[in-house]
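Colleague: Sending over a structure as structure tokens; questions will come in a sec.
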Amino acid sequence: MTKIVNHWIGGKAVEGASGTFGPVTDPATGAVTTKVAFATVDEVDAAVASAKDAWATWGTSSLAKRTAILFKFRALLDEHRDEIAELITAEHGKVHSDALGEVARGLEIVELACGITVQLKGELSTEVASRVDVSSIRQPLGVVAGITPFNFPAMVPMWMFPIAIACGNTFVLKPSEKDPSVSLKLAELLAEAGLPDGVFNVVQGDKVAVDRLLEHPDVKAVSFVGSTPIARYIHTTAAANGKRVQALGGAKNHMLVLPDADLDAAADAAVSAAYGSAGERCMAISAVVAVGAIGDELVGKIRERAEKIKIGPGNDPSSEMGPLITKAHRDKVASYVTGAAAQGCEVVLDGTGHTVEGFEDGHWVGLSLLDRVPTSADAYRDEIFGPVLCVLRVDTYEEGVALINASPFGNGTAIFTRDGGAARRFQLEIEAGMVGVNVPIPVPVGYHSFGGWKDSLFGDHHIYGNDGTHFYTRGKVVTTRWPDPSEAPSGVDLGFPRNH
């Protein structure tokens, strides 16, 4: 019997009423294992109404109550991390250890939300004028929404909703329809932790659900992570409807390798960052820029390591890389490799013909390595979102920085070098929101914010960290004057307040 994933509204699972379902496949076998209900406009409206009703009391609840629930939720997440990782593997395909890592990174943001009391402290200035004080406070927005991608079905939602609800908002999540089961598990754990009904809701679905959230008058803010074209659409549409928006888009992350770098460490990092999670992550390194004469040696070391990576089902403990999410995505990724030579690339490794014995119908693609890639090639220009690594050659550091800065994307980047001066110069000159120095995937820890520049981010705020708190709250300034009891009223003064 095929499993059905429904919605979560008002503190309980709600059966989809549209009669429309989307297929969810096991990427390792290609078999449809689950159907996910697609929400109608009315169902989205019901979720938003539930969140609005809950906000009437949740928005004024004490910080102590909110954080106590989040502490319980954090404990339950830790207790059920293996179960959540298994759901991720079953629907996304990533290996179990990678799925566990995703849950751990989500837990990090839950822990940040548990300490939200510090982030929500206001400011006070006394005696700005005679007996006049000024204070600044931050208050929740109301109902907020999150639209999240398939590649991190647990982590990315947890980049959003823990901080949002800790700040006093209520939340409606629209997860990816490709791997939806984790969203309901998170909802169940929140309910078990004691979160009041309606504070967290889940609507499954497609563009119908997304568009309704973007236009709904009771949704005050929208968070999104996904591709750049969709991020631009989310930002434009939500902003036109008067909403606050943080829309994180795609990436083409570069790794600049200088001639003095430890090439073994650089090759290890390139393989891990390019092929981990089958390259299906916005912080993957997809372009290595080799400076000077080290290119041949570096490519050789990357190839040597890549050829040893074992590809197989994510629930096989010996697998180091799993399949891609869907057959259509697998075919799209493969097309960049099959067309690379005609566009001037040297194909060092071609993984397009890879299969796994016993799982021939899975969405498999092997590791591909392209060398001497011109900047005009599609494999360089597009975000592939798969295990394809491009190597570009430049003669100098300056050429490398110019090449990277010419990219329309500006999510993350890295430099590998032993030269502290070069590294310092790089971190100041490079046009990207996150920079690694001998760190290939510079995803910030929870108390620093995550976000890119240029076409990798639409909106003013990065996600989680201090930016997350600011995004999910709005500031208010209060100016107060209390007359001294010993003074009698002195009549009306129509002049401007005297501060001096």
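The values are calculated or read from the model by the stated rules, or taken from the named source; none is laboratory data. Since the structure is predicted, the reported quantities are computational estimates derived from the model, not experimental observations. FYI the Cβ positions are ideal-geometry reconstructions off the backbone, even for glycines, and counts take in every protein chain you see. To get the accessible areas, we keep the full protein, side chains included, count just its heavy atoms, and leave off ligands, DNA and RNA. Shrake-Rupley method; radii C 1.70, N 1.55, O 1.52, S 1.80 Å.
Colleague: Would you give the gap between the C-alpha center of region 369-440 and the C-alpha center of region 92-131, rounded to a whole Å?
Modeller: 30 Å
Colleague: Taking DSSP loops as anything outside H, G, I, E and B, show the longest stretch in the chain free of trypsin sites (Lys or Arg not before Pro) there with at most 14 other beta carbons within 10 Å.
Modeller: After excluding every exposed loop site, the longest remaining stretch is 132-307.
Colleague: Quick one: grab the alpha carbon gyration tensor of region 1-76, order the square roots of its eigenvalues as a ≥ b ≥ c, and give me rounded if a/c is under 1.5, else prolate or oblate depending on whether a/b is larger than b/c.
Modeller: Note, shape of region 1-76 comes out oblate.
Colleague: Once you list every other residue whose beta carbon is under 11 Å from the beta carbon of Val245, what net charge do they have if Lys and Arg are +1 and Asp and Glu are -1? The partial results should precede the final answer.
Modeller: Working: positive: Lys220, Arg232, Lys243, Arg244; negative: Asp460.
For residues surrounding Val245, the net value is +3.
Colleague: Further, regarding this structure: Under a point spin-label approximation (7 Å from Cα along Cα-to-Cβ), what is the Ala240-Thr60 distance to one decimal in nm?
Modeller: Once both label points are built, they end up 3.7 nm from each other.
Colleague: Additional query: Counting Lys and Arg as +1 and Asp and Glu as -1, each charge on the Cβ, what is the dipole of the chain about the Cα centre in debye, to the nearest 20?
Modeller: 1240 debye
Colleague: Of the beta bridges DSSP finds with both residues in the chain, what % are antiparallel, to the nearest 5?
Modeller: Here the antiparallel bridges make up roughly 40 percent for the chain.
Colleague: In µm²/s, what is D for region 182-313 at 25 °C and 0.890 mPa s, where D = kT/(6 pi eta Rh) by Stokes-Einstein and Rh is the Kirkwood radius from Cα pairs?
Modeller: Calculated translational D: 132 µm²/s.
Colleague: Taking a threshold of 32 Å on the Cα-Cα distance, which of the pairs Lys243/Lys454; Lys52/Lys252; Lys185/Lys301; Lys301/Lys332; Lys310/Lys454 fall above it?
Modeller: Lys52/Lys252; Lys185/Lys301; Lys310/Lys454
Colleague: Provide the three semi-axes, in whole Å and in decreasing order, of the ellipsoid equivalent to region 76-140 as defined by the square roots of 5 times the Cα gyration tensor eigenvalues.
Modeller: Working: eigenvalues 417, 18, 12 Å².
Output for region 76-140: semi-axes of 46, 9, 8 Å.
Colleague: Right, another one. Tell me, what % of the accessible area of region 375-498 is carbon and sulfur with a 1.4 angstrom probe?
Modeller: Roughly 52 percent, rounded to a whole number.
Colleague: Test of the criteria: in region 364-427, which chymotrypsin sites (Phe, Trp or Tyr not before Pro) are in a DSSP loop and have at most 13 other Cβ atoms within 10 angstrom of their Cβ?
Modeller: Sparse-neighbourhood loop chymotrypsin sites (Phe, Trp or Tyr not before Pro): none present.
Colleague: Could you work out what % of the accessible surface of region 102-173 is carbon and sulfur, using a 1.4 angstrom probe and leaving DNA, RNA and ligands out of the count?
Modeller: For region 102-173, the apolar C and S fraction of the accessible surface comes to 51 percent.
Colleague: Can you flag which of Lys72/Lys121; Lys35/Lys308; Lys12/Lys178; Lys3/Lys72 are past 31 Å Cα-Cα?
Modeller: Lys35/Lys308
Colleague: Between Ala402 and Arg232, how high is the FRET efficiency from 1/(1 + (r/R0)^6) when r is the Cβ-Cβ distance and R₀ = 22 Å? Nearest 0.05.
Modeller: According to the calculation, E is roughly 0.30.
Colleague: Quickly work out the Val443-to-Asp264 label distance, labels modelled 7 Å from Cα along the C-beta direction, and quote it in nm with one decimal.
Modeller: 2.8 nm
Colleague: Could you give me the percent of Cα pairs per 5 Å distance bin for region 316-472, shortest bin first, beginning at zero and ending with the bin that holds the maximum distance?
Modeller: Histogram of Cα-Cα distances, whole percents per bin: 2, 8, 14, 16, 16, 16, 14, 10, 4, 1, 0.
Colleague: Relative to 2.2 N^0.38 Å, what does the C-alpha radius of gyration of the chain come to as a ratio? Two decimals please.
Modeller: 1.07
Colleague: Please work out the average accessible area per residue across the chain, using the 1.4 Å probe convention, and give it in Å².
Modeller: Per-residue accessible area for the chain comes out at 41 Å².
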